[in-house]
1. Given the options TYR161, TYR221, name the one that is buried (at least 18 other Cβ atoms within 10 Å of the Cβ) and touching a helix residue (DSSP H, G or I) at 6+ places or on another chain (Cβ under 7 Å).
2. Is it the case that LEU98 is within 20 Å of ALA127 (Cα to Cα), in contact with a Gly (Cβ under 6 Å, 6 or more places away or on another chain) and assigned to a helix (DSSP H, G or I)?
3. Return a yes/no flag: does the range 194-203 have any residue that is farther than 23 Å from GLY68 by Cα and in contact with a Phe, Trp or Tyr (Cβ under 8 Å, 6 or more places away or on another chain).
4. For ARG91, are the conditions met, namely being assigned to a helix (DSSP H, G or I) and among the basic types (Lys, Arg)?
5. Within the set of pairs 6+ apart or on separate chains, which have a first residue in the range 159-171 that is at positive phi and in contact (Cβ under 8 Å) with a residue 12 or more places away in the chain, a second that is in a strand (DSSP E or B) and aliphatic (A, V, I, L, M), and C-beta atoms under 9 Å apart?
6. Working only within the range 172-207, note down all residues that are farther than 27 Å from THR83 by Cβ and either open to solvent by less than 30 Å² (accessible area, probe 1.4 Å) or in contact (Cβ under 8 Å) with a residue 40 or more places away in the chain (or both).
7. Against the condition of a type in the set (Gly, Ala, Ser) and either at pLDDT below 95 or assigned to a loop (DSSP other than H, G, I, E, B) (or both), how does SER84 come out, does it pass?
8. Which of the residues spanning the range 98-143 are farther than 15 Å from LEU195 by Cβ, of a type in the set (D, E, K, R) and either touching a residue at least 12 places away in the same chain (Cβ under 8 Å) or open to solvent by less than 40 Å² (accessible area, probe 1.4 Å) (or both)?
Amino acid sequence: MAIDVETKDCTAVTDAELAEMADMCVDGPNPYSVGLLSKQTEEWVLISTARENGKLRGFAFSTLERIGGTPSVLVGLASVARTSKRSTVLRQLTDAQLHRALMAFPDEDVLVGTQFDNPGGFDAFKALVDIVPRPGHKASGEERAWGRRLAKRFSINTSRYLDRDFRVVGDDGQSCLLDYETNKPDSIDPDVAALFDDLDRAAGDTMIAFGWIMAEDLLKYG
């Protein structure tokens, strides 16, 4: 069955849709409440939803904006149901965001940033280059500065953000992250997995990560 993806303004989200999102998350590791989801409609501009035969399989709040003049796609709270098609759902949600980026920022390289708490989250970055953090790479001062900019945009207090590790220390609350886990954990590079060794998922720790999609690569999402 095909996955149908729709992107619309957050102002158009209905109470019934918020309840459907909460129901999808209830059995996962991040059971987002209707109240928290409703707050996201005020903090983000776009919502993308993915459905299989009419049933919600994933969603993502996001915005397109310029940070210091740099075109950016920022993904806030997002979740993908733990089905056998989860990788397809994630890819199609990502494709929808990149399509919007092409429409908003033609002929420009675009930064994509989000936060997640396990190495499977990097599946959302398959189209990107110069991903930070990554194994064997010592982040430059500018890359660390980008991490701080994103932390600020995600409303993360500076005292909770460790910019050399790109790690957000949890506050025992519920983190608004990209909630996704690969269904092929054995395929994860051990060096990538090691980036998360110090994260305490139970306490709400996350990693801020970002990468770039070049203008010529963005064209394929037209």
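1. Working: TYR221 fails: buried (at least 18 other Cβ atoms within 10 Å of the Cβ).
Among TYR161, TYR221, only TYR161 is buried (at least 18 other Cβ atoms within 10 Å of the Cβ) and touching a helix residue (DSSP H, G or I) at 6+ places or on another chain (Cβ under 7 Å).
2. Numbers: within 20 Å of ALA127 (Cα to Cα): yes; in contact with a Gly (Cβ under 6 Å, 6 or more places away or on another chain): no; assigned to a helix (DSSP H, G or I): yes.
No: the conditions fail for LEU98.
3. Let us first name the residues in the range 194-203 that are farther than 23 Å from GLY68 by Cα, namely 194-203.
Within this subset, residues satisfying the condition of being in contact with a Phe, Trp or Tyr (Cβ under 8 Å, 6 or more places away or on another chain) are none.
Checked against the condition, which is being farther than 23 Å from GLY68 by Cα and in contact with a Phe, Trp or Tyr (Cβ under 8 Å, 6 or more places away or on another chain), the range 194-203 yields no hits at all.
4. Details: assigned to a helix (DSSP H, G or I): yes; among the basic types (Lys, Arg): yes.
It is true that ARG91 is assigned to a helix (DSSP H, G or I) and among the basic types (Lys, Arg).
5. PHE166/VAL132; PHE166/MET207; PHE166/ILE208; PHE166/ALA209
6. Those that are farther than 27 Å from THR83 by Cβ and either open to solvent by less than 30 Å² (accessible area, probe 1.4 Å) or in contact (Cβ under 8 Å) with a residue 40 or more places away in the chain (or both): ASP191, ALA194, ALA203.
7. On the way: of a type in the set (Gly, Ala, Ser): yes; either at pLDDT below 95 or assigned to a loop (DSSP other than H, G, I, E, B) (or both): yes.
When the stated conditions are applied, SER84 passes them.
8. Once the filter is applied, which keeps residues that are farther than 15 Å from LEU195 by Cβ, of a type in the set (D, E, K, R) and either touching a residue at least 12 places away in the same chain (Cβ under 8 Å) or open to solvent by less than 40 Å² (accessible area, probe 1.4 Å) (or both), the range 98-143 yields ARG100, ASP107, GLU108, ASP109, LYS126, ASP130.
The values are calculated or read from the model by the stated rules, or taken from the named source; none is laboratory data. Predicted, not measured: the structure shown is a model, and the values here were computed from it. Every residue, glycine among them, receives a Cβ derived from its backbone with ideal geometry; neighbour counts consider all protein chains shown. Accessible surface is based on the protein model in full, side chains and every heavy atom, while ligands, DNA and RNA are left aside. Shrake-Rupley method; radii C 1.70, N 1.55, O 1.52, S 1.80 Å.
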